[in-house]
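Here is the structure we will look at.
Each reported figure results from applying straightforward, stated rules to the coordinates on display, with no laboratory input. Computed from a prediction, not measured in an experiment: that's the story for all the values here. With ideal geometry, Cβ positions are generated from the backbone for all residues, glycine too; neighbour counts draw on all protein chains shown.
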Amino acid sequence: MSPNLRIASRFLTAKKRAMLMSLSCIVLGVGLFVVTQATTSGFEQFFIRTILGTNGAIRIEDRIQDTMRSMQAGGQNSNSNFYIALRTEGKKYIEGIEEPKLLVDALRRFENVAGVSEVLHGPVIIRSSFKSESVRAYGINVDDHLRVSDLGSQIIQGHISDFRDKPSGALLGKEMADRLQLTVGDSFILESQGESRRYRVSAIYETGVADIDRVRIYLNMSEARSLLKKPTGASFIQVSLFDKDRAPQDAQHMVAVLQYSAASWQEREKTWLEVFRALRISTAITVSVFTLIAGLAMFNTLAMIVMEKTKEIAILRSMGYTRGDISQIFLWQAAIVLMLGTVTGWVLGAVVTYAISNFPIRIRGIFATDTFIVSWSIWHYVAATATAVIMVMAASLIPARRAARLEPGDVIRGTAQ
Amino acid sequence: MEPVTDPPDKIALRCSSVHRYLGEGEGRVHVLKGVSFEAHRGQVYAVVGPSGCGKSTLLYLLGLLDRQDGGDIWINGRLMSNSSDAERTAARGINIGFVFQFHFLMQEFTSLENVMMPMRKLGRLTEAAMRERAHELLSAVGMGDKTHRLGTQLSGGEQQRVAIARSLANAPAIILADEPTGNLDQRNSGIVFDFLTQLAKQNGQAVIIVTHNPEIAGRCDAVRSMRDGVFL
Ligand SMILES: Nc1ncnc2c1ncn2[C@@H]1O[C@H](COP(=O)(O)OP(=O)(O)OP(=O)(O)O)[C@@H](O)[C@H]1O
Ligand SMILES: [Mg+2]
């Protein structure tokens, strides 16, 4: 043990109660920091997982044409299903995908692409014996779609294999099924463009996302094509990735290569993602108040010890201890308390995080969960520690330097008289 | 740094026309009014004089614990009075052993730890050797049986003797002791004084003792009387 550390640990015991105050603030600061980060980022990550599991990492939607060519196209295809959706400086978007097969093949060639699924959707009226509502029918090739979403694990009643095997099968969102009072095996009628057809509920899914569970009814692609009277084309193509974080770059690349608009999940859910980020940062700041108090308490305690120990400081200086040694002795005291507090804080944080992860809370709307969601990450502990170290050590610098500046002659004369 | 005029091997400490003012504004007092002094190796000096004449003030300056307002101080032939704080601190650790008038021990530490503290800073000995040397020094001042007592558990005289042992820890060339026997009975005064004299003779250390005890002063190699901030 270095002489300075030895002296520091002995000085520390002289002011136990004051040090306990800083210690408990550090424990609380570090512990709560970890807990709040674990929950806010837990919910954030769960939200992201829900996005990827429903609407996928990237959605390819509209064809891009520059203004010159699009005017030609508009003239030639005046009787087609596709029309000019939007116009921005020199570019316009043509809604829908005319040649999904070509696009799917091209997309599969991107190295980060894990799955590709074409989707066709259109408005329909759903009619049960109880009531009718207007919803949207989504035509999918089920095996493709299982590769770009978590639809398989979102099934809460029935079996996806029933849907795969029967052309008249349909997958209903939980909210929709509840409102229409339909359960697995019930039959109902879909109406589109004046034609009615009978279908059967193969399974009921729940994503937790209200906009999906209330309005999306999945049909097999061939069935959807004939019901919606769209024998070719697709509304969009959903893409899943191996590395979800590369979605923005990949989307950009796809736009350049395919001349179609490609929206990454980060771009589509920007608003919500920013809400989560703001929440995470603001709780971190709020909880850092504890660490700030720990810093102030440490400042106070050390300043008290310095005042009480001027005599000892003068003795040490007379024995050859340098100014640097003196400030080290006081910084060591802060560091010892900091280490104790931080480690205890980690334990507190981990225990509370674990306890909270079993705490019941029912959330539907943007995702579906019945308990608190936490995420375990070493970085929460690192960030909590960094905050505590910065606050406490910065607060200790001032008293430590004041101790180092004391002139032994002045101190001795002062206490000797 | 300064070239030395006197033979460096003989003179351990020298000061010339040292001035020191204390206090601020109206209360400013000219405490030391041009003090010159030389201490040879192997000699024991007594500094005597009435209370308040400036003995402690001089000792702090010689011990590099305070800065003079005028004059020069050499330690082992090196001009130290205007050196940097770092150099003065190093010189204090290696060359100077200081005994304060008001026996200053580190109260949270035992006698043994107090004596080992300067050795730990210097870091020349192993832990075991430091421990052994501290035991020897404490025994020499009659404290061999109280090595594990905390400073708070010792009487004034006992603390003073531990402080003397501590000042000798790094075998400094110069020992400055401000009334080291002030709190001691005659027998212990004798033990401490004999030990200091023995060190001076054996190891060639220069010992400077401030004392009010005429008997002690009489047994020193030289006595310097101070009055009103100057040596007579
Ligand atoms: N901070 C101060 N301001 C003004 N005067 C001071 C201050 N400190 C000490 N003095 C004066 O300096 C003079 C010398 O003090 P010093 O402690 O050196 O005396 P001393 O010779 O050691 O006395 P004693 O034998 O009582 O220990 C005294 O007259 C004292 O009043
Ligand atoms: Mg004095």
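Observations on the structure shown:
- Considering helices alone, the calculated mean residue ellipticity of the protein assembly as shown at 222 nm is -16000 deg cm²/dmol, with DSSP H runs of length four and up weighted by -39500 (n - 2.57) and normalised per residue.
- Separation of the A:ALA114 and A:VAL343 label points, Cα + 7 Å toward Cβ, nm: 4.0
- From the alpha carbon centroid of the stretch A:370-407 to that of the stretch A:94-127 is 50 Å.
- Sequence-separation-based contact order of the stretch B:166-232, relative, with Cα cut under 8 Å and 6+ spacing, percent: 34
- One decimal place: the segment A:ARG214-A:ASN141 gains 24.2 nm when fully extended, by the rule 0.36 nm per residue minus the C-alpha distance.
- Calculated log₁₀ intensity ratio I(q)/I(0) where the Debye formula runs over C-alpha points of the protein assembly as shown, q = 0.07 Å⁻¹: -0.64
- Shape call, the stretch A:147-294: gyration tensor on alpha carbons, a/c limit 1.5: oblate
- The overall shape of the stretch B:47-179 is oblate: from the C-alpha gyration tensor, with semi-axes ordered a ≥ b ≥ c, the ratio a/c is 1.5 or greater and a/b is no larger than b/c.
- With contacts taken as Cα pairs under 8 Å at a separation of at least 6 residues, the stretch A:97-234 carries a relative contact order of 32 percent.
- Local electrostatic count, B:MET117, Cβ distance below 10 Å [Lys/Arg +1, Asp/Glu -1]: +3
- Shown for A:ILE281, A:ILE412: other C-beta atoms within 10 Å of each C-beta, ranked fewest to most, produce the order A:ILE281, A:ILE412.
- Sparsely packed loop sites in the stretch B:20-97 (the trypsin sites (Lys or Arg not before Pro) outside DSSP H, G, I, E and B with at most 11 other Cβ atoms within 10 Å) comprise B:ARG28.
- Under the membrane-span-like helix rule (DSSP H runs whose alpha carbons stretch at least 30 Å along the helix axis, mean Kyte-Doolittle hydropathy 0.0 or higher), chain A yields A:16-54, A:270-308, A:323-357, A:378-405.
- Low-density loop positions, GluC sites (Glu not before Pro), the stretch A:104-145 - DSSP coil, at most 15 other Cβ in 10 Å: A:GLU111
- Computed over the stretch A:277-417, the percent of Cα pairs more than 17 Å apart is 68.
- Nearest 10 degrees, 0 to 90: helix B:111-122 Cα axis against chain B principal axis: 60
- Ranking B:GLY77, B:GLN107, A:LEU32 by how far each Cα lies toward the positive end of the dipole of the protein assembly as shown (charges on Cβ) leaves B:GLN107 at the top.
- Length-normalised contact order of chain A in % [C-alpha pairs under 8 Å, at least 6 apart]: 28
- Over the stretch A:178-225, the reciprocal of the mean inverse Cα-Cα separation, the Kirkwood hydrodynamic radius, stands at 12.1 Å.
- Size of charge dipole - the protein assembly as shown - debye, nearest 20, with Cβ of Lys, Arg +1 and Asp, Glu -1, no other charges: 440
- Gaussian network model of chain B, Cα within-10 Å springs - most flexible of B:ILE96, B:ILE208, B:ILE191: B:ILE191
- Neighbour counts of C-beta atoms inside 10 Å place B:THR89, B:THR147, A:THR271 in the sequence A:THR271, B:THR147, B:THR89, starting with the fewest.
- For chain B: rounded, prolate or oblate by the Cα gyration tensor [a/c cutoff 1.5]: prolate
- Counting DSSP beta bridges with both ends in the protein assembly as shown, the antiparallel % (nearest 5): 70
- Charge dipole (the protein assembly as shown, unit charges on Cβ, about Cα centre) - positive-most of A:GLY158, A:VAL255, B:PHE195: B:PHE195
- The label-point distance for B:ASN82 and B:ASP69, in a model that sets each label 7 Å from Cα toward Cβ, rounds to 1.8 nm.
- Inter-label distance, A:LEU397 to A:TRP376: 3.7 nm, where each label sits 7 Å from its Cα along the C-beta direction.
- Placing +1 on the Cβ of every Lys and Arg and -1 on the Cβ of every Asp and Glu, with nothing else charged, gives the stretch A:97-234 a dipole about its Cα centre of roughly 360 debye.
- For the stretch A:118-204, chymotrypsin sites (Phe, Trp or Tyr not before Pro) meeting the loop criterion (DSSP other than H, G, I, E, B) and having at most 12 other Cβ atoms within 10 Å: A:PHE130.
- Among A:ASP213, A:ASP250, A:ASP105: highest mean-square fluctuation, GNM of chain A, C-alpha pairs under 10 Å: A:ASP105
- Counting 0.36 nm for each residue step from A:ILE189 to A:THR369 and taking away their Cα separation leaves a gain of 61.7 nm.
- Dipole magnitude of chain B about its Cα centre (Cβ charges: Lys, Arg +1; Asp, Glu -1), debye to nearest 20: 240
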